[in-house]
Amino acid sequence: MPPPKDVVKIAIQMVGAIPQLIELQQTKPLALVLKDVCDAWSLPHAERYALQYADGRQTYITESNRREIKNGSILRLTASPDQEAEQLYSGIQSNNLDVKADSLKKLASLSQDITFAQEFINRNGLKQIFSIVEEGKDTGEILAHTLKAFMELMEHDFVSWETLSSAFIKKVVSYVNISAVDTSIQQLSLSILENMVPTSRHLFELVTAEVTLDCLLTHLQATDTQLQLKAMALLTALLLAATDAEQQDMMEYLREKNIRQFIHKTIIHGSAAPGDEMSHHLYVLQAAGLGLCERRMRAAMDPYNQVSRSLPPASPPPPPAAGAAAWASRCVHSAPELARSAAAAAALPPCPASLPQPNNSNPAEDLRRAPPGLLALDTMVYFCRHTPDAYRRFVLENSSREDKHECPFARSSIQLTLILCELLHVGEPCSETAQDFYPMFFGQDHFFEELFCICIQLVNKTWKEMRATQEDFDKVLQVVREQISRTLSLKPTSLELFKSRVNALNYSEILRLRQTERLHQEETLVLPVLELRERLKPELLELVRQQRLLHLCRGSLFRKISTRRRQDKLWYCRLSPNHKVLHYGDVEEGVSAPPIESLPEKIPVADMKMLLVGKECVHTREKSSGKQNKDVLELAFSIVYDVEEYCLHFIAPNRYEFCLWTDGLNVLLGREMRSERAQTDLEVLLSMELKLRLLDLENISIPDTPPAVPKPPSNLNFCYNFSQAEE
């Protein structure tokens, strides 16, 4: 007979005593439960004790979280949070350095628990931590434990970061600026400043005034990868909190220091590939660099405004005979005029004056749209000034074509600039979890402009391959967009590699890829093939189900997302080989596939009730609002299990893991797989199987309906008598 739903069977340990096996009644007040446990061990003053998980994260049991206790849990009787807080508050003030160090070490560990943290903060414990740091008498291990405890206490958001004193902040900053400090202290100090910067403008200004970019770059070039990571985290936090003008100054300073080249050589192409967090910070740095183009991208040309028609600061000077506004006006009016003006400005031989004028578009009108705005003019000027031979070749090639086959340079440049802005997400806000960066971005100072120079030549090449006319303009640019997008998805490590790959992806190759994808995706409408497809579908669907369960048996690594940090602790979850129990538990950094015996927590599959995804999940509503919540929403899912409907919350590392795990859990629940990945995998298998089955019928048309059966003949005299023939 199953136990009542309000009763769980647990074990309780205490040092020096025989463990107790009890049936915990969830309706019974926790104070009475503690009294019964203490009475069994003859312990007075039950109010001075508390229950705590013996394994994993040693959280205190309270009335609010007691429902999370499961059958078979092992608890430990220990001092209550208020007793521990009082004892440690006294211990960290001790004159005995050993006692002080041990107290701070234990404080750093217990501060992860919200109940203990509240008790310690209520005793004004943070003030004592502030005094330890501000006095600066303690160093080494004591200081490291102090900073660690401070970080854990602030994580619970009981105290605002704005309450920190200037003396405390300057002391933490000094640990970052001084090289003769232990690496662990520098890492903790960088983490504190990283969490501090986004909270208020005042703290941002205070940190930027005290921490120089040179100091951060020194840490970034350190051999310690964790110190590198913390320095990069603070750098990206400063960039995100800065105004546009401050961000531009910071990026310009980083460019002068050649930090991109260092990142490209040491971090991206170092001995080990960048981890998830470093990849995110590289993504933010890339977004900040590309974001410098946003101002010009959103600035539309005003034909009545002399300032907006003038050249950008980095452009070549106008010819002496014409003013800047007139020169810019002629530049955006037609490709031939831009060619002659740019060539004159760069002291190059001018292109022929007889070049044909485009008669189907006014680029000046396109520049009045933002985006791409004046950024398109900037890229055109950069192209004609820095690659004059390629520019002259572009114009001369088109001058020798018929009018209808001419590729319009200005119009193509404007549309190409818009395509690059969209593909590179210029001007879009940074995601809190994205890790999608392009290694080649860090190998080039003027990345956007150099990429444009490659792609505008690609436009001319594709135009020639397609034998396009003016009416085919949109079609050509769609092909170019696909060429660039496909090449960017390969993550080339340099612009030279990008150039070779995008040029290899010619129009014929694009047509071949489209045809291949179409054959994979299109639905065959012939009735016999549809019937065969339906017959094959159950078998192949079962194959997809088995693959999903196999993936769950291998397990996956998940990250817990906190309200303050982007990523926190790691935990692992996997399905038992017999598909009856889910095992999970916290793991350390660097553990890829822990054995199933090391995962202490269990959920019987039979107890699972339902699967929640996205907005249905409770833990998505508990996160901070904004972009982070939107990103987490797409990867969040929860398992509801047991009679009390407890929840185990997941945030998948990527969309692929989300699809495989939600599919696998739906299979365990006896439900159909609903992810887009399941449908894609099934379609691939069906397409492959159908092609194998129909291989002998290639190039043979299959009728929509079976042929009619003919009527039987009037006689069978046509039958051949084999016996007579043999005689």
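The values are calculated or read from the model by the stated rules, or taken from the named source; none is laboratory data. Since the model is a prediction, treat every value here as computed from it, not as a measurement. Neighbour counts run over all protein chains shown; Cβ positions are idealised from the backbone, glycine included. Areas reflect the complete protein model, heavy atoms only, side chains present, ligands, DNA and RNA absent. Shrake-Rupley method; radii C 1.70, N 1.55, O 1.52, S 1.80 Å.
The rows are residues; the columns are (1) in a loop (DSSP other than H, G, I, E, B); (2) modelled with pLDDT of 90 or more.
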residue: LYS615; (1), (2): no, no
residue: SER625; (1), (2): yes, no
residue: VAL643; (1), (2): yes, no
residue: ALA678; (1), (2): no, yes
request  = Select, from SER131, SER103, SER94, SER111, the only residue that is open to solvent by less than 60 Å² (accessible area, probe 1.4 Å) and under 35 Å from the mean Cα position of the chain (by Cα).
outcome  = SER111
query = On the given criteria, is THR59 surrounded by 15 or more Cβ atoms within 10 Å (Cβ to Cβ) and modelled with pLDDT under 90?
reply = yes
inquiry  = Being under 40 Å from the mean Cα position of the chain (by Cα) and either of a type in the set (Lys, Arg) or open to solvent by 90 Å² or more (accessible area, probe 1.4 Å) (or both): is that true of ARG48 here?
reply    = no
message = Conditions first: (1) out of contact with any helix residue (DSSP H, G or I) (no Cβ under 7 Å at 6 or more places or on another chain); (2) open to solvent by less than 90 Å² (accessible area, probe 1.4 Å); (3) more than 30 Å from ARG533 (Cα to Cα); (4) modelled with pLDDT under 80. ARG621 passes all but one, so which condition is the exception?
response = (2)
task = Could you list all residues from the range 1-38 that are of a type in the set (D, E, K, R) and either open to solvent by 80 Å² or more (accessible area, probe 1.4 Å) or touching a helix residue (DSSP H, G or I) at 6+ places or on another chain (Cβ under 6 Å) (or both)?
result = LYS5, LYS9, GLU23, LYS35
key: Selection count where residues are surrounded by 18 or more Cβ atoms within 10 Å (Cβ to Cβ) and among the charged types (D, E, K, R), scope the range 419-442   = 1
ask   = Could we say that PHE158 is within 35 Å of the chain's Cα centre (by Cα) and open to solvent by less than 50 Å² (accessible area, probe 1.4 Å) here?
value = no
inquiry  = If a residue counts only when it is in the same structural domain as LYS171 (by the TED database) and open to solvent by 20 Å² or more (accessible area, probe 1.4 Å), which helices (runs of 4 or more DSSP H) contained entirely in the range 209-301 have at least 3 such residues?
reply    = 213-220, 225-241, 244-256, 259-262
